[in-house]
Structures are given as structure tokens and as C-alpha cells.
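This report refers to the structure that appears directly beneath it.
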């Protein structure tokens, strides 16, 4: 089977998969109703040319009819909406609850040792505080939350090194 564009004698157009014969030609007789009426007229059969979908961007298929072929082209579509997250959901995209608890313990250990937070620990603390404040002002889900400034592994490694430093 292969898909073709059909233009019927009454002007109707459709895409349809048609059985091929042994030579690879479309079997037009398979399109007729059974039993085939005496006044049945075969449609014009046009090859379907499938233009490859562009790899970048949002695209929707569009069928364009020509005298000698039918093309499946692509037109710019509407991009899918960006996913939205509450502040809590956004934090969970970057840190687990266990990691948040561990970071809190590491901050407390630094304070008890009389040491300042390192730049990574401070930036991660500022980031979570910023999300909490923004969420308190407007708890609606958003798609434009800032990314975490560093990973848990980076911040915790820094804190552990600072705790163990003389």
C-alpha cells in the first residue's frame, strides 16, 4: 500500500492508501464500490510527496495540491506552552527534600563553627529565599523561575571543605 492524492470527478480531494499491483502501480479498481456501478469514474491519482519536517521549531503539516502531485509541507505552528511550576515544585526540580534538609544542617554547622557561608552555599540559600518570597507574593505556577545557581553536590562539597578547614 502507498498513500496517494485522489481528485474525484466531482472535484473532491482526499488522501488515501491504495493497494499496489505487482509492478508497484496503484490499483485504481480497488477504489470502486463493490459491485462497481456502470457509471463509476476513476479519480485522478497523484503521488504524495512528503517534505521532511524541519528539526528545529514548532511545525504543523499542511497538504498542498498541485496539478501533478500532492505535497505534505510544513508550516510554522504554535510552540507548545512552557511547563509551569509552583515555587515548591521548581525547587523540587533541583533539590530533593533530603538535600534541602542536609544543606540546612550544613549551614547550621558552619554557623556553629563560627564560619561564613561560602559563595555556593550563599547563592543556593539566596535562590531558595528568593523563590519563597516570590511565592508568598504570588503563589501561582510560573514558567520563568530562575535556575538553581549550583548543584547540591557543589554546595555541599564547599560547605564540608569549609567546616573541615582550620
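The values are calculated or read from the model by the stated rules, or taken from the named source; none is laboratory data. Computed from a predicted model, the values in this text were never measured in an experiment. Cβ placement follows ideal geometry from the backbone for every residue including glycine, while neighbour counts extend to all protein chains displayed.
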**Prompt:** Could you list, in sequence order, the residues of segment 64-91 that are assigned to a loop (DSSP other than H, G, I, E, B), within 15 Å of residue 146 (Cβ to Cβ) and touching a residue at least 60 places away in the same chain (Cβ under 8 Å)?
**Reply:** 82
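Per-residue answers, yes or no, for (1) in contact with a strand residue (DSSP E or B) (Cβ under 8 Å, 6 or more places away or on another chain); (2) not assigned by TED's automatic domain parsing to the domain that holds residue 7:
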site	(1), (2)
59	yes, no
67	no, no
72	yes, no
94	no, yes
99	no, yes
103	no, yes
109	no, yes
133	no, yes
159	no, yes
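Quickly run through segment 77-102 and pick out the residues that are surrounded by fewer than 11 Cβ atoms within 10 Å (Cβ to Cβ) and either modelled with pLDDT under 95 or closer than 29 Å to residue 47 by Cα (or both). Spell out how you get there, then give the answer.
Taking segment 77-102 first, the residues surrounded by fewer than 11 Cβ atoms within 10 Å (Cβ to Cβ) are 78-83, 97-98.
78, 79, 80, 81, 82, 83, 97, listed by residue number.
With 135, 156 as the choices, which residue is touching a helix residue (DSSP H, G or I) at 6+ places or on another chain (Cβ under 7 Å), crowded, with 17+ Cβ neighbours inside 10 Å, at pLDDT below 95 and in a helix (DSSP H, G or I)? Even if it seems obvious, please write down each step before you answer.
Values: 156 fails: at pLDDT below 95.
The unique qualifying residue is 135.
Given 35, 9, which one is at pLDDT below 95 and surrounded by fewer than 10 Cβ atoms within 10 Å (Cβ to Cβ)? Don't jump to the end; show me each part of the working.
Values: 9 fails: surrounded by fewer than 10 Cβ atoms within 10 Å (Cβ to Cβ).
Of 35, 9, the one residue that is at pLDDT below 95 and surrounded by fewer than 10 Cβ atoms within 10 Å (Cβ to Cβ) is 35.
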